Amino acid sequence: MLLPVVLARIGSPGRWAATLVGVSALGFLNVAQAQTLGAVEQRLDRLEKTAQELQRQAERRSRSSNARKDVYLQVDRRLGALERAISNLVASQERDRRELTATVEQLKRMKLDVEARLDVVENQPPPRASPAAEAVIETPTVPLGPEARFGQAMSYAEQQDWPNAELAFDTFIASYPSDPRLPDASFQLGRALEGQGKHAQAARTFLALYQAHPDVPFVVDTLFALAEALAAIGPENAEQACDVYGEIDVAHGSKLSVEQRSQLLDGRLSLKCSR
């Protein structure tokens, strides 16, 4: 009695069998789909891992490329600095070459000038100065010694014949470097240069004299002459001249005469020295 009731509820046996077949087929289909999805997910995982690995490799290559770029930039900067240094060196050498060429030309002109002056001096009688100097100079058979040469140079200075005085004192200094009158000759040489307007050469001469003989009796006169020569060169040397006036005041201020103090004050005021 139970079977007819069940069959009545689910329909005929054919429909029931068909239903069972459909359910079985659906189950197999779901299983196949599940297997396919699993394979797809595995492939997706592998593709994702492969993509991540490729991305990491790309990042490493990018970092390596950036590092190489930094190295290239550093090398480029160093090369640029080296090129600038070489350019500056070449320019400096070119300036030195031009200055050396100018100095050589100047020395040649000075040599010709000195030779011309020597010819003039040798071919003319010396000026008449003191009787003692005249007696020595007028003796043609006796070569001039240091005493006579110094007297001859002083006679040029007394007459303010500055070109001949310069040549005579310069020759005396070169011929008798150990003569005790060398400081006096250097001072007179500076005066002869200053008398011709050669202020820079005169300043160098007075400065060398002061550095070599700072204890000569006329040291204050030497410093005054140095300051005046520096001031005569131009305004750019005014500060150096003021420094020389300061040296006079500090080192020799207590020994200055009234006239020298007045000269010091006038020099400072003319240059507007701050001290």
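Derivation of every value follows stated rules applied to the coordinates shown; laboratory data play no part. Predicted model, so just to flag it, every value in this text is computed and none were measured. Positions of Cβ are backbone-derived with ideal geometry, glycine not excepted, and every protein chain shown enters the neighbour counts.
Once a ≥ b ≥ c are taken as the square roots of the eigenvalues of the Cα gyration tensor of the range 197-275, is the result rounded (a/c under 1.5), prolate (a/b larger than b/c) or oblate (a/b not larger than b/c)? Because a/c hits 1.5 or more and a/b fails to exceed b/c, the range 197-275 counts as oblate.
Under 13 Å from the Cβ of residue 210, count the other residues' Cβ atoms, weight Lys and Arg +1, Asp and Glu -1, and hand me the total. Here the charged neighbours net out to -3.
Distance from the C-alpha centroid of the range 167-223 to that of the range 236-264: 19 Å, rounded to the whole angstrom. Along the range 232-243 the Karplus relation, 6.51 cos²θ - 1.76 cosθ + 1.60 evaluated at θ = phi - 60°, assigns HN-Hα couplings of 6, 5, x, x, 5, 9, 5, 5, 5, 4, 4, 4 Hz to successive residues, with x for each Gly and Pro.
Got a sec to turn the phi values of the range 264-271 into Karplus ³J(HN,Hα) couplings, 6.51 cos²θ - 1.76 cosθ + 1.60 with θ = phi - 60°, whole Hz, x for Gly and Pro? With coefficients 6.51, -1.76 and 1.60, one gets 5, 5, 5, x, 5, 5, 5, 9 Hz.
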